[in-house]
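Structure record follows, encoded as structure tokens.
The values are calculated or read from the model by the stated rules, or taken from the named source; none is laboratory data. None of the values given here were measured: they were computed from a predicted structure. Glycine also receives a Cβ, built like all others from the backbone with ideal geometry; neighbour counts cover every protein chain displayed.
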């Protein structure tokens, strides 16, 4: 390096070093955010990046703040430099508020809480002197309450034997943690205490890492590792495996360590495996009995009346719900059903006879629905369940009025059913037959024919009938890719070709895609009108039909493409992008002002 280069490098290095020294005079860490810094003079938060800090140091605001601080510092007196410490009463109040916040609320709420409290009692000196906000509250929790409470716990354990209960997890921020509880006999309280001990951060979830973290934490907290007599774990292999697990590693240092596998986990797995040997009907029975009563207070009341007639009391036990994580809940549910077997059997036999209308509908043909007289099969008014909200409100209505209300509701449903019956589409059978076009049905060896379809249509728009029939029965001879989506399946069918390049399933593809194109609702046009109303509103009421057409076309086209993010201009669009797009012939009267025309021409770089 030359002498000139060395001098230049030295000056640059010295300038950077002096800049860093100056930065240290006014920056301090933000205790609430590790990625931020605080300017002591300006009292603002800054990104803890050297470039940003140097840029802030050169601002006029910062320089004025520095000068103001220097001039004021020379005027400080001892009374102002050393403020009196807050009274013990205020400290207690702030600690209690902090404890409340830590247990029940977000720390940010303390900012408003301490603003409200003084207004509740303006004569209170303690409340008027509260100076507790987010940062202070955070520090009290982090550096006052928590350390002291942990130290009290360690002192309470003392030299007593203790056990730990551990479980690992990954939190929402993908941080790997080990939650640790501690169990010991408390001499001051004279009882067994099981309480929270630590959240230990882990880098890995392997057995050795977990053991090292536990040992280091116990040693850091001055707990005697040799006093560890037991450890509670779940059934994971990393915890209790025979070869290299947390249990085997800890036992090398503590041969007498008692490893307790979670009893709840064990009993759960035992019950789960044992239940697999029972008939599935048993689980169905227990689940459906619970579901029958769970959503209807009316059904519960009716069962109570029936139960009272048989047993002279109306307090039947509630059938519990099944749980995928608490298999032992099945025992209580089954016991409850067995204890009330006669009553439940009678109840469901009555209900089965009353609920006959839906079953009757299954026995009629599609073409009979429009003329089917369903009135003889209607339920009794008292047996109709009208929903949770209705049943809840019915509890506050007297019996006579409730009967009339129920009858009116029933009449409403009857008339609604009659109207639907009168308005059923004539081609209902076609829509139902379209289910046969499902790819799994179309590619099965045993499938229905298409004769019913052929009776309905006569033109070749659906394909040549004989060719459609032949190709329909050949679909199962090929392995298709798209079997989960009907539209994709028939698109694949239409593109299939033989060795000569001829389409093998042209007619059946034409037939299926035509049927799938049948309209089933006019909801799409209603949505279009909604978009139309959004475009042409009170503020844009002079939009011409041509302009509305253009806007609607653009919106729908972009919608098909996903959004404007995916839009790419076509060559045709690029070709049309010239002066002709202004359509001078039809717009001369509008743009007769030369200045306007000049702006138009200038915008397309013609002048």
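Descriptive notes on the structure:
Quick grid of which residues meet (1) modelled with pLDDT of 75 or more; (2) closer than 30 Å to residue 414 by Cα; (3) surrounded by 13 or more Cβ atoms within 10 Å (Cβ to Cβ); (4) in the same structural domain as residue 401 (by TED's automatic domain parsing):
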| residue | (1), (2), (3), (4) |
| --- | --- |
| 299 | yes, yes, yes, no |
| 303 | yes, yes, yes, no |
| 333 | yes, no, yes, no |
| 362 | no, yes, no, yes |
| 368 | no, yes, no, yes |
| 375 | no, yes, no, yes |
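- When 169, 146 are checked against the criterion of being exposed (fewer than 13 other Cβ atoms within 10 Å of the Cβ), part of a strand (DSSP E or B), without any contact (Cβ under 8 Å) to a residue 12 or more places away in the chain and out of contact with any helix residue (DSSP H, G or I) (no Cβ under 6 Å at 6 or more places or on another chain), a single residue qualifies: 169.
- Residues located in the range 185-204, provided they are within 36 Å of the chain's Cα centre (by Cα) and either outside the structural domain of residue 254 (by TED's automatic domain parsing) or surrounded by 15 or more Cβ atoms within 10 Å (Cβ to Cβ) (or both): 197, 198, 200, 202
- Residue 158 falls short on exactly one of the conditions (1) modelled with pLDDT of 85 or more; (2) on the phi > 0 side of the Ramachandran plot; (3) exposed (fewer than 13 other Cβ atoms within 10 Å of the Cβ), and that condition is (3).
- Candidate set: the range 220-265, residues that are in a loop (DSSP other than H, G, I, E, B) and under 15 Å from residue 197 (Cβ atoms); chosen: the one nearest to the chain's Cα centre (by Cα): 221
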